[in-house]
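Notes for the one structure printed next.
The values are calculated or read from the model by the stated rules, or taken from the named source; none is laboratory data. Quantities reported herein were computed from a predicted structural model and do not represent experimental measurements. So basically every Cβ, Gly included, is an ideal-geometry build from the backbone, and we count neighbours across all protein chains shown.
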Amino acid sequence: MRVLVASDDQAMAERIRGILVEHGVECPAGHLVPLDSVADRSGLLRPELVAFVMPSDWIAGLATLRETRSVVPHMHALVLGPANDPKRILETLKQGADEFLDRETLETELVGALGRFQAVCQRADSGPNGGRIIAVLAPSGGSGASTLAAGISTVLAQEHGQAGLIDLRLGVADQTAMFDLRPTRTLADVCDNVGRLDQSLFEQFLTRHASGVHLLAAPIQSEDADRVTAKGVRRALALARVRFPCVVVDMSNALNAEQVEVLWQADVILLVARLDYTSIRNTRRMIDVMVELGIGRDRMRLVLNGCGQRRQLEVEQAELAIGVKASQCIPYNAAAGMQGGRGVVRTHLVQDHGLHRASSEGA
């Protein structure tokens, strides 16, 4: 069980941690976080249980609860505070708390809540809740990442009946052209409405393709791209995860706050590289940066695109330089006119979020 304790009161947080550990629930010291960090940390760790210690500013505490719930919709939220105001307790439950616990009788309340949550967990499926997020990222241009993202989302839509695709290549919007769509709304509009965004409104920003892919398009104009925020991306990911069994995100290699938000939440990150010096060097650097950001290597998959061309590095050389074994090597298909490793790739994802198989298909 992954547990976070969100509190600006360090002594209270340590007390809660002690009760958790005493009752067999692992809670490392690094899982005690201040309230202003819990939403971002939740996006990275995906906790099943979050204990919120309400601050004196109750309105700010409720805002933190809502934001964290938007990042991890299926978490179990325990809110601890004084139980002397029934209206506040009711409002806290309306804003996303699963249980409200009286901090004056902390141990009794917390142990009871843990028992109830563990009983629910034993009855629930052991698999992850919500749809999976697959981030597709090329550390160097011309690696075919956008084409790969389009192919993956199309195949997932065929397998599941539908799939989500978020284009985060701001100002480029490759996916709009690839699917020959004319979206009237983009990710920028989602970010403009983040304060009132719910599942019904989110649906209005998606553009459906006949393949079953539902695209949340990237803005093309630079002034529209500037309207995209990390908070808006976080909310879009949370709603897309609820809406679709799988969500593919086509990313740029500029690791700004919006891109990092996706990497923190992604179940699997496909690093798409060519077998040339520049691409391999940039891929190694990108992995190092992601590790520094706290993103686990276990979620990263190396995909080598356009293999088999003349005067390129050997796969073994690339793997040695990057320090990662390739999950997939997609062959260059001259007959289909795929240059620079581009091509339509049919990809199947297995339960552990790895790539099951990939085969090049003609355009």
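Filtering segment 135-191 to residues that are of a type in the set (D, E, K, R) and at positive phi leaves only Asp180. Among the numbered conditions (1) within 28 Å of the chain's Cα centre (by Cα); (2) touching a residue at least 12 places away in the same chain (Cβ under 8 Å); (3) surrounded by fewer than 20 Cβ atoms within 10 Å (Cβ to Cβ), the only one that Pro28 does not meet is (2). The residue pairs whose first member lies in segment 313-333 and is in contact (Cβ under 8 Å) with a residue 12 or more places away in the chain, whose second member is in a loop (DSSP other than H, G, I, E, B) and among the polar types (S, T, N, Q), and whose beta carbons are closer than 7 Å, counting only pairs six or more residues apart or on different chains, are Tyr332/Gln309.
It is to be established whether one or more residues within segment 58-71 are touching a helix residue (DSSP H, G or I) at 6+ places or on another chain (Cβ under 8 Å), assigned to a loop (DSSP other than H, G, I, E, B), surrounded by fewer than 21 Cβ atoms within 10 Å (Cβ to Cβ) and touching a residue at least 12 places away in the same chain (Cβ under 8 Å). No, there is no match, as no residue in segment 58-71 is touching a helix residue (DSSP H, G or I) at 6+ places or on another chain (Cβ under 8 Å), assigned to a loop (DSSP other than H, G, I, E, B), surrounded by fewer than 21 Cβ atoms within 10 Å (Cβ to Cβ) and touching a residue at least 12 places away in the same chain (Cβ under 8 Å).
Highlighted here are the strands (runs of 3 or more DSSP E) found entirely within segment 217-317 that include at least 1 residues which are β-branched (Val, Ile, Thr) and more than 15 Å from the chain's Cα centre (by Cα): 268-273, 300-307. Taking only pairs six or more apart or across chains, which ones have beta-carbon atoms under 6 Å, a first residue in segment 266-294 that is in contact (Cβ under 8 Å) with a residue 60 or more places away in the chain and closer than 17 Å to Gly141 by Cβ, and a second residue that is of a type in the set (S, T, N, Q) and assigned to a strand (DSSP E or B)? Cβ pairs passing all conditions: Val272/Asn305.
With respect to the conditions (1) under 22 Å from Gln10 (Cα atoms); (2) modelled with pLDDT under 90, Leu106 lacks only one, and its number is (2).
Filtering segment 271-316 to residues that are among the small types (Gly, Ala, Ser) and out of contact with any Pro (no Cβ under 6 Å at 6 or more places or on another chain) leaves Ala273, Ser279, Gly294, Gly296, Gly306. Of everything in segment 137-168 that is part of a loop (DSSP other than H, G, I, E, B) and either touching a strand residue (DSSP E or B) at 6+ places or on another chain (Cβ under 6 Å) or of a type in the set (Asp, Glu) (or both), the residue that is modelled with the lowest pLDDT is Ser143.
Considering segment 238-251, and only residues there that are at pLDDT 90 or above and not aromatic (Phe, Trp, Tyr), the residue that is nearest to Gly164 (Cα to Cα) turns out to be Val247. Ala135 - would you say it is touching a residue at least 12 places away in the same chain (Cβ under 8 Å), more than 20 Å from Ala254 (Cβ to Cβ) and buried (at least 23 other Cβ atoms within 10 Å of the Cβ)? The answer is no for Ala135. Residues considered: Val25, Val50. Of these, the only one that is assigned to a strand (DSSP E or B) and closer than 11 Å to Val3 by Cα is Val50.
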